[in-house]
Amino acid sequence: MVNTGFYQVPKERATGSFTIVDNISLNRSVGGNILQRLDGITSGLQFVNANGNKPTDIRVRGLATIQSDASPLIVLDNFPYDGDLASINPNDIENVTILKDAAAASIWGARAGNGVIVITTKRESLIRKLNYLQTVM
């Protein structure tokens, strides 16, 4: 399933370019925060190291805007997130979906011009499963 931040759709029915990084892949890499664990794990996600030791900017498939904010839209548990990504505990993350093209802009609008990174935590995944079970019963 591909989580776009608004809805989940099977991979076969999803349009556009996306990458899903699951919990197992995140736990293979070592790092104290989510940025360190995502570095080098997926294609199309670039970390810009201005000072040489810490990533200062994230780019999805390069630079898409020139004079506005060049960072991608971060969606945490279906809500846009403006905080620091380094403050999110990587052990609480169920999966990360990276939406890379114009299909993301058709869902999220102009803010998604530089791509979208959708982060789903384990708590949100559990809540969805419980809600589904309640509707079935």
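What the table below lists for this structure:
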item	result
Using θ = phi - 60° and Karplus 6.51 cos²θ - 1.76 cosθ + 1.60, couplings along segment 11-22 (whole Hz; Gly, Pro as x)	4, 5, 9, 7, 9, x, 9, 8, 9, 10, 10, 8
Amide hydrogen neighbours beyond the local backbone of Ile74, cut-off 5 Å, H modeled	Tyr81, Ile117
Added length on full extension, which subtracts the Cα-Cα distance from 0.36 nm per residue, Arg123 to Val48	24.0 nm
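Here, each number is a calculation from the coordinates, and none is a lab measurement. What you see is a predicted model, and the numbers here were worked out from it, not measured in a lab.
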